[in-house]
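**Q** Mind looking over this structure? Questions follow.
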Amino acid sequence: MAIAFTFPGQGSQAVGMGKDLAENFAEARAVFEEVDEALGQKLSDIMWNGPEETLTLTANAQPALMAVSVAVMRVLEARGLKLAEKVSYVAGHSLGEYSALCAAGTFSLADTARLLRIRGNAMQAAVPVGQGAMAAIIGLEHGDVEAICAEAASGGVCQIANDNGGGQLVISGAKAPVEKAAALASEKGAKRAIMLPVSAPFHSALMAPAAEAMREALASVQKNNPVVPVVANVRAAPVSDAEEITALLVEQVTGQVRWRETVEWFAANNVTTVYEIGSGKVLTGLARRIDKTVNGVAVNSPADIEAALQTLLG
């Protein structure tokens, strides 16, 4: 009977996130202040007051989501939770992997904020706006979508970016091949094939310049082995070596977020409860869809924190 902590990715941001934490807990306030200082920007002001389109910018959303996740962690820890004693694994969806690694002590909070700012800017800059695209394919199997991507990719890059489970896959790449793949998916029986309103083709080979930027940025920061293993996005298996984790984070920029397999790995390795630490409930919903034996619990409000502490500390 093991517990895992998971950390949400882009799309879970919302104006006002983390404000109730800052108002109720000094530890949370300290996190937001440290992130603001590390970035030389009042990111907390954008998080709490918007506007939404500024918060949604990749370079803001990534460190902002991490800040909320780490704020929740610091409050839990201040009230007696010891991650290494109570939690067997951590994992995060895309940028959430950085939140997980910060929580597990691999990176400092300030370094994590700066890394995510670099990552957000580099991902945005890797492909000119309008040249890349992403689409969600609902209701087809992984192998079917892989074959569709291969068929559509004759005109350029098209690949699976996220395997979110429950029959939900996201594809990414150059605009024309992704549009072709979405049309093919509909022809081949997908329940839905929806072009996504994103600013860049994340987790595709077109992100290679961003991967190089992250290789350089990660080389310059202090790293520690995590206090609990991280189940890495591109491997869907636990890793505990800081240098190996760093290499996988570089790979993750162009590689597939294997979230379905991550939750399946949890289920196969006696994880019965997965806590989603931070903004929103996306991962909690996905966990339930992927494996009914895994109980998902979202922790992002003061009330959620109190409830989680009662369960975790008994």
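Yes/no matrix, rows are residues, columns are (1) open to solvent by 10 Å² or more (accessible area, probe 1.4 Å); (2) hydrophobic (A, V, I, L, M, F, W, C):
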{"residue": "Glu251", "(1), (2)": "yes, no"}
{"residue": "Thr254", "(1), (2)": "yes, no"}
{"residue": "Val257", "(1), (2)": "no, yes"}
{"residue": "Ala267", "(1), (2)": "yes, yes"}
{"residue": "Asn270", "(1), (2)": "yes, no"}
{"residue": "Thr273", "(1), (2)": "yes, no"}
{"residue": "Ile277", "(1), (2)": "no, yes"}
{"residue": "Lys281", "(1), (2)": "yes, no"}
{"residue": "Gly285", "(1), (2)": "yes, no"}
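**Q** Across the range 131-158, which residue is farthest from Pro197 (Cα to Cα) among those that are open to solvent by 50 Å² or more (accessible area, probe 1.4 Å) and either part of a loop (DSSP other than H, G, I, E, B) or in contact with a His (Cβ under 9 Å, 6 or more places away or on another chain) (or both)?
**A** The residue in question is Glu141.
**Q** Just one of Val127, Val90, Val75 is within 18 Å of the chain's Cα centre (by Cα) and β-branched (Val, Ile, Thr); which is it?
**A** Matching residue, one of Val127, Val90, Val75: Val90.
**Q** Let me ask something else about it. Spot the failing condition for Lys292; the list is (1) touching a residue at least 40 places away in the same chain (Cβ under 8 Å); (2) loosely packed, with under 15 Cβ neighbours inside 10 Å; (3) assigned to a loop (DSSP other than H, G, I, E, B), and only one is missed.
**A** (1)
**Q** Are any residues in the range 209-240 over 19 Å from the mean Cα position of the chain (by Cα) and assigned to a helix (DSSP H, G or I), and if so, which ones?
**A** Passing the criteria: Pro209, Glu212, Glu216, Ala219.
**Q** May I pose another question? If you take the residues of the range 182-192 that are open to solvent by 60 Å² or more (accessible area, probe 1.4 Å) and in a helix (DSSP H, G or I), which of them is nearest to Val129 (Cα to Cα)?
**A** Checking each candidate, the answer is Ser186.
**Q** Can we say Asp36 is surrounded by 15 or more Cβ atoms within 10 Å (Cβ to Cβ) and part of a helix (DSSP H, G or I)?
**A** So Asp36 passes the test.
**Q** Scan the range 193-208 residue by residue and report those that are out of contact with any Asp or Glu (no Cβ under 8 Å at 6 or more places or on another chain), open to solvent by 10 Å² or more (accessible area, probe 1.4 Å) and outside any loop (DSSP other than H, G, I, E, B). Break it down stepwise before answering.
**A** Of all residues in the range 193-208, those out of contact with any Asp or Glu (no Cβ under 8 Å at 6 or more places or on another chain) come to 193-194, 196-208.
Of the ones still in play, those that are also open to solvent by 10 Å² or more (accessible area, probe 1.4 Å) are 193-194, 196-199, 202, 205-206, 208.
Ala193, Ile194, Ala205, Leu206, Ala208, listed by residue number.
The values are calculated or read from the model by the stated rules, or taken from the named source; none is laboratory data. These figures come from a predicted structure and were not determined experimentally. Note: ideal-geometry Cβ built from the backbone for every residue, glycine included; neighbour counts use all protein chains shown. With ligands, DNA and RNA removed, areas are computed over all heavy atoms of the protein, side chains included. Shrake-Rupley method; radii C 1.70, N 1.55, O 1.52, S 1.80 Å.
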